[in-house]
Amino acid sequence: MKTTYLFLILGIISICGFAQESTSSNNSYNMFGCKDCNNKFFITSNSGIRNTPLGIKIGFFCNTGAYIGTRFGKGELYNSDSDFSTVKSNLFSITTGLIKPVFIQNNFSLHVFAGVGYGQWWPYRWERWTKEGYELEGGFMVSYKRLTLNLGTNVLNGYKTYATWDFTTGLGYRF
């Protein structure tokens, strides 16, 4: 199941990447058109505030941009059958989404992003609960010259457990 989601997400990003470079004489508007975009590619850190502190996000800005991001962290798994002992677990998240410009003037730009993904970042969970779930995220990306700041919020939901929230932030570079 994880492999299927990963290939689906990477396929969407690949299609978006190829679509931004396509040119057609019949279309006057290209959803991923980047003719007048300077420094359209970016790479930023993608740090969850509470659960997944290490991560990276890469993508491009255009009429409609796209990104793929991942985050990692450490958590604990409680075992109710053995006197509530705990075991360390690895937490992760992978998301992909679209970016739309809201305001662009001179060297300053403001973009919004929204995405979906797959994750396992419940910091404390029982072994009988769901291990992973679907993730939704949204937020803002602010750029000044080549410096980029992103601020977002994420929610992870699964079967047989509670939904959990986290906020993400990142600092990066446009090229």
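Throughout, read-outs are computed from the coordinates displayed, never taken from laboratory work. Fair warning: this is a prediction, and the values are worked out from it, not measured in the lab. Here Cβ is always computed from backbone atoms with ideal geometry, including for glycine, and neighbour counts include all displayed protein chains.
Lysine pair count for segment 31-175 with Cα-Cα distance under 20 Å and sequence separation of 8 or more or different chains is 13. The HN-Hα couplings worked out from phi for segment 62-75 by the Karplus form 6.51 cos²θ - 1.76 cosθ + 1.60 (θ = phi - 60°) are 7, 3, 10, x, 9, 8, 9, x, 9, 9, 9, x, 10, x Hz, whole numbers, x standing for Gly and Pro. Placing a label point 7 Å from the Cα of V112 along the Cα-to-Cβ direction, the residues of segment 85-100 with a backbone N closer than 11 Å are 100.
The phi-based Karplus calculation (6.51 cos²θ - 1.76 cosθ + 1.60; θ = phi - 60°) puts the 3J(HN,Hα) values of segment 120-133 at 8, 9, 6, x, 9, 8, 7, 5, 7, 7, 4, 7, 9, x Hz, whole numbers, x for Gly and Pro.
A simple spin-label model places pseudo-atoms 7 Å from Cα toward Cβ; at L171 and T153 they are separated by 2.4 nm.
Remark on T161: its backbone amide H falls under 5 Å from those of T130, a criterion applied only to residues 5 or more positions apart or on other chains, H modelled at 1.01 Å from N.
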